[in-house]
Amino acid sequence: MNREGLRIFTGNGNRELALEICAELGMPLGAAYVGRFPDGEVDVKVECDVRGGDIFIIEPTCPPVNENLMELLILTDCVKRASANRVTAVIPYFGYARKDRKDEGRVPITAKLVANLITKAGADRVLTVDLHAAQIQGFFDIPVDHLYARTVLLPVVRRMNLKDPVVVAPDVGASKLTRAWAKAINAGMAIVDKRRITGDKTEVENMVGEVEGHDVLVVDDLVATGGSLADAARVAKERGAGRVVVAVTHAVLVGNGKEKLQESCAEKILITDTIPHDRGSLPPKFEVVSVAPLLARAIERIHRSESVSYLFQAEI
């Protein structure tokens, strides 16, 4: 393949993933210093020529969110001022996505603000995975390629040979994702009806759908405290489900989230590496599936001005 002008850079958000993507593409990671001044401000210097280049900057805006977001913005500004021809912000996990609308008075639409910042910094295109709210694509005035992690998770799930599976949404908000999964594995679906009491506490009210005698796959785009997924696994078991497997894209895993899922009724917790984790320190039930091959193929197709949607149209 002709990769003339293609350069990939990364900050400190998920350097391991960036290196895996470069390995998939058979090319080196671009040389850049991304450090800090003594007062904590982000300091960046790109150490190779990018003039006229097709630049991809890999940086998830995961915790520490503000640090990683600033690295992305400053790296983008840096290569743009160095006369890069096109800059694509590769954001495996798009932080601040929960605030995608005004659901009450006097609150911000933070996802739109972050989209404006990325565009203003000089990004010409965005590549991301499983946005928490799909409509965030419309917050950008530049092209957004939205990939689905189930493309890499599906082969792992299929190897588990779940018996007459039912895909379960841990809440109503995950129903669209659940429907896509159910179609992909030719399964039924069910939804856990929960009520949010506080920001980190929910109460399960009911389950819509039948899981008795079926193996269950609980899916979601994001897990933070682990409460919703653990509750969904428990409710499925209480209603007669067989094996329970969890598949989630973005493992934020704050507080005792890892422990909560490890102690849940699920036999396996599949997560991706959109957010970095020390795999050796993850509990035994956890398995990390890499999105590097998916992102590498997307980067290659964008560079060649080919269709990116092909990657998920062909997933089944």
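The values are calculated or read from the model by the stated rules, or taken from the named source; none is laboratory data. Everything numeric here is computed off the predicted structure, so don't read it as measured data. Here Cβ is always computed from backbone atoms with ideal geometry, including for glycine, and neighbour counts include all displayed protein chains.
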The lone condition ASP220 fails out of (1) surrounded by fewer than 17 Cβ atoms within 10 Å (Cβ to Cβ); (2) in contact with a Pro (Cβ under 6 Å, 6 or more places away or on another chain); (3) acidic (Asp, Glu) is (1)
Give GLY122, GLY105, GLY95 a once-over and let me know the one that is in contact (Cβ under 8 Å) with a residue 24 or more places away in the chain and out of contact with any strand residue (DSSP E or B) (no Cβ under 8 Å at 6 or more places or on another chain). GLY95
Pick from the stretch 91-122 the residues that are β-branched (Val, Ile, Thr) and assigned to a loop (DSSP other than H, G, I, E, B): which of them is nearest to ASP273 (Cα to Cα)? ILE109
Evaluate the stretch 65-80: report whether one residue or more is assigned to a loop (DSSP other than H, G, I, E, B) and surrounded by fewer than 22 Cβ atoms within 10 Å (Cβ to Cβ). no
With the structure loaded, tell me whether GLY240 is without any contact (Cβ under 8 Å) to a residue 60 or more places away in the chain and in contact with a Gly (Cβ under 7 Å, 6 or more places away or on another chain) or whether it fails that test. yes
Result of the Cβ filter at 7 Å on the stretch 44-57, keeping first residues that are on the phi < 0 side of the Ramachandran plot and partners that are crowded, with 20+ Cβ neighbours inside 10 Å and of a type in the set (D, E, K, R), at least 6 apart or interchain, is VAL50/ARG7; GLY53/ARG7; ILE55/ARG7
Residues that are within 18 Å of VAL289 (Cα to Cα) and touching a Ser or Thr at 6+ places or on another chain (Cβ under 6 Å), drawn from the stretch 220-265: ASP221, THR249, HIS250
Based on this model, can you work out whether LEU162 counts as closer than 16 Å to VAL219 by Cβ, in a loop (DSSP other than H, G, I, E, B) and in contact with a strand residue (DSSP E or B) (Cβ under 8 Å, 6 or more places away or on another chain)? yes
Considering only residues that are assigned to a helix (DSSP H, G or I) and either at pLDDT 95 or above or within 16 Å of TYR93 (Cβ to Cβ) (or both), which ones fall in the stretch 126-150? ALA134, ILE136, GLN137, GLY138, PHE139, ARG150
Of ASP221, ASP231, ASP193, which residue is assigned to a strand (DSSP E or B), acidic (Asp, Glu) and at pLDDT below 95? ASP193
What is the number of the single condition among (1) under 25 Å from PRO293 (Cα atoms); (2) free of Cβ contacts under 8 Å to residues at least 60 places away in the same chain that ALA111 does not meet? (1)
